[in-house]
Amino acid sequence: MFLEKICADHSSPVSSDAQPRPIDDGQFTGTEWEVVEMARWDGLKSLHPGSLLCRVDRLLFGLDVPLPLANERLETLRCFAVKTWCRTRLRGDDLRPFFEAGFTRTHVRSILDHVAGRRGFAPAVDMGSA
């Protein structure tokens, strides 16, 4: 199963999302890992789905640009993960909304480790300005 593979790859136990978990424990739920993996395929255009370029892509070429998730916390995670998958450098402006949503530096490291394992490298991070 997809979820078990993701969790096995990261040596984190599969968790039940039905049980509320503290935000600051530094571990992701199964759903959060699925969002991180889904972001791998979303691309940078998904960060601004209402932009002129995305509207032109939809109208002229029929390209599907992923829309934002309904859950704000998961959407913040998705946006950060998209940037991590697609960029070679992350700035404080990329980290700030992620931290404001209740995620921690441990979460950042988990995503960076995950991306590095898949891409072969992780983006450089300027955590000092966050």
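All of the numbers you see were taken from the coordinates with simple rules; none came from a lab. Model, not experiment: these values are computed from the prediction. Neighbour counts run over all protein chains shown; Cβ positions are idealised from the backbone, glycine included.
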In nm, spacing of pseudo-spin labels at Ala124 and Leu53 (7 Å Cα→C-beta vector): 2.3 nm
Order by neighbour count: Glu37, Glu72, fewest other Cβ atoms within 10 Å first, most last. Glu72, Glu37
About the Cα centre of region 29-129, how large is the charge dipole given +1 on each Lys and Arg Cβ and -1 on each Asp and Glu Cβ? Please answer in debye to the nearest 20. 300 debye
